[in-house]
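Only one structure is covered here, and it is reproduced in the block below.
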Amino acid sequence: MSVYYYDVPHSTAPASALRPASREQRLRDGSLVDLSRIACEAGFRAPVAISKEALHLCLAGLPDVAPDAIPGPCSSDVAARRLWSVLWAAAAEVMHRHEDKAVFFSARLDPDEANAVLASDVQLKLVIDAGTTDRPVATILLPDQD
């Protein structure tokens with residue numbers, strides 16, 4: 001499956017919260033986490049990042065993820081499967097609504113069998129915006145985040 005993004009016109013100004021410099025700064029300071037490598041495997045052809053808050057929601061209840069730290073590479077199979085589920089859900093939804101700049105979607109998260117945590121659904125938003133080179137970038141956020 002491949003996710004193709006529409007071309008972002010050069011005259012379109014990026015959303016204020018996700019201006020290219022702001023997005024790059026947020027990646028540097030850790031408030032956004034780059035998921036581009038795994039997102040590429042899920043069919044995205046643009047850089048993808050996730051907000052720290054959305055990431056913590058997706059990984060909530062996993063014993064190897066500290067609530068105040070941004071995890072590095074997924075240290076558990078459950079964490080990796082959860083991120084994969086989020087990316088697949090985002091890719092599937094954006095394929096049907098590729099003209100929208102903000103796409104709301106839900107993802108089913110795998111349970112953590114070791115702690116008897118049940119499977120759950122999360123509601124997220126994928127924002128597609130112009131990057132520093134006027135090529136699309138994607139950011140996964142909580143529905144109320146900008």
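For region 75-93, does any single residue satisfy the condition of being at pLDDT below 85 and in a loop (DSSP other than H, G, I, E, B)?
Checked region 75-93: at least one residue is at pLDDT below 85 and in a loop (DSSP other than H, G, I, E, B).
For residue 38, work out the one condition from (1) in contact with a helix residue (DSSP H, G or I) (Cβ under 8 Å, 6 or more places away or on another chain); (2) among the hydrophobic types (A, V, I, L, M, F, W, C); (3) surrounded by 18 or more Cβ atoms within 10 Å (Cβ to Cβ); (4) at pLDDT 75 or above it doesn't fulfil.
(3)
State whether the residues of region 3-22 include one that is touching a helix residue (DSSP H, G or I) at 6+ places or on another chain (Cβ under 9 Å) and modelled with pLDDT of 75 or more.
yes
Go through (1) under 12 Å from residue 129 (Cβ atoms); (2) at pLDDT 90 or above and name the single condition residue 31 misses.
(1)
Condition first: over 21 Å from residue 23 (Cα atoms), at pLDDT 85 or above, part of a strand (DSSP E or B) and not basic (Lys, Arg). Can you find one or more residues in region 48-56 that meet it? Spell out how you get there, then give the answer.
Taking region 48-56 first, the residues over 21 Å from residue 23 (Cα atoms) are none.
No, region 48-56 contains no residue that is over 21 Å from residue 23 (Cα atoms), at pLDDT 85 or above, part of a strand (DSSP E or B) and not basic (Lys, Arg).
Using beta carbons and a limit of 7 Å, which pairs, at least six apart or on different chains, have the first residue in region 24-43 and on the phi < 0 side of the Ramachandran plot and without any contact (Cβ under 8 Å) to a residue 40 or more places away in the chain and the second one assigned to a helix (DSSP H, G or I) and surrounded by 14 or more Cβ atoms within 10 Å (Cβ to Cβ)?
Note: pairs meeting the criteria are 31/52; 33/52; 33/55; 34/27.
The values are calculated or read from the model by the stated rules, or taken from the named source; none is laboratory data. For clarity, every value in this text was computed on a predicted model and none was experimentally measured. Glycine gets a Cβ as well: all are built from the backbone with ideal geometry, and neighbour counts include every protein chain shown.
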